[in-house]
Amino acid sequence: MLRLDRLHPLVSGNKWFKLKYNLEAAGGRPVVTFGGAYSNHIIATAAACHMKGIACTGIIRGERPAGLSPTLQHAAELGMELVFVSREEYRQITQEGNEAAVRPVLEQLHGEAPYLIPEGGHNPLGAKGCEEILSLADTAACTHIICAVGTGTTLAGLINSATTQQLTGISVLKGALSLQTATESLLKPGLHTPWEILHQFHEGGYGKRSERLISFMNDFYRQTAIPLDQVYTGKMALAVQQLLQQGYFPPGSNLLLLHSGGLQGNESLPPGVLCY
């Protein structure tokens, strides 16, 4: 397992790579990005912008709650301005590309044209950063590289940079067949790297958890001392266990699992649910 969760406590895992070239392209301009109440991308952007002295605004999915989640509270403490929009408005902005819907936010930034980073860092610069992930590991003996998939950005970067390995993405969303197109849109032309996205391991859908998932995460930690998160890496590692039991990988396969961070998302769980 490649432990990207160890890179930084807040700019965690794959977010470090997704933000690298986007913040470089921002050139010091204010940054506007998008996410939910427990978004790893939101807290990572807030932390990275704080370190670089860049103003940033988070467009948050849903009406403002009476009390902020730990994620949003921390992001606000780091200087991120939080703007809450309805789920319908959020869908129009993030899925339909309706930039006019964020015009009020742009006006709040005193007329200075901000740099927009899509939800989850899903753009060519995000994928470009993720192409550097495998440079941190010796992959020569690896036959398979496996990661969780939320937007397809990390998977695209891995596909773009892999050599001889089979790439397998574990979708954490229910029925998100559009991830195939989303990933393909970020691939370099002419690639012949074998890759796939498996859709049967979502454990109920994005942000959903099952008793089986929580039990697996606790057992995995007791055996390995590696913490997983309930949204991404827990589902990915559980999927690998099931695939191994099914004999999915050929004999002699050497698997590299990507720990993409996101452990702060576990703060949405009641105390005591996880043993770490």
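Computed extension length for residue 136-residue 196: 19.3 nm, one decimal, from 0.36 nm per residue of separation with the Cα-Cα distance subtracted. If the segment from residue 163 to residue 221 were pulled out straight at 0.36 nm per residue, it would be longer than the present Cα-Cα gap by 17.8 nm. Over all directions, what mean area does the Cα convex hull of segment 14-121 project, stated in square nanometres? Value for segment 14-121: 6.2 nm².
Rounded to 0.05, the FRET efficiency of the residue 64 and residue 8 pair, given R0 = 25 Å and the Cβ-Cβ distance, is 0.35. Computed over segment 1-89, relative contact order equals 27 percent, with contacts defined as Cα pairs under 8 Å that lie 6+ residues apart.
Can you spot the aspartates and glutamates whose alpha carbon is less than 16 Å from residue 18's alpha carbon? Ignore those fewer than 8 places along the same chain. Excluding near neighbours in sequence, the set is 5, 119, 131, 132. Projected onto planes of every orientation and averaged, the convex hull of the alpha-carbon atoms in segment 123-268 covers 8.9 nm². Applying a 4.7 Å Cβ-Cβ cutoff to the chain leaves 130, 142, 147, 275 as cysteine residues with no disulfide-compatible partner.
Under the criterion of Cα pairs below 8 Å and six or more residues apart, the relative contact order for segment 218-276 equals 53 percent. Scoring 207-220, 71-84 by mean Cβ neighbours within 10 Å over their residues and listing the highest first yields 71-84, 207-220. In the structure shown, the pairs 20/208; 128/235; 20/235; 128/208; 15/235 are assessed against 23 Å; a Cα-Cα span above that value is assigned to 20/208; 128/235; 20/235; 128/208. For the chain, the relative contact order comes to 21 percent (Cα pairs under 8 Å, sequence separation of at least 6).
Coordinate-derived values only; no laboratory data. Not measured: the values here are computed from a predicted model. For neighbour counting, all protein chains shown are included, and Cβ atoms are generated from backbone atoms with ideal geometry for every residue, glycine included.
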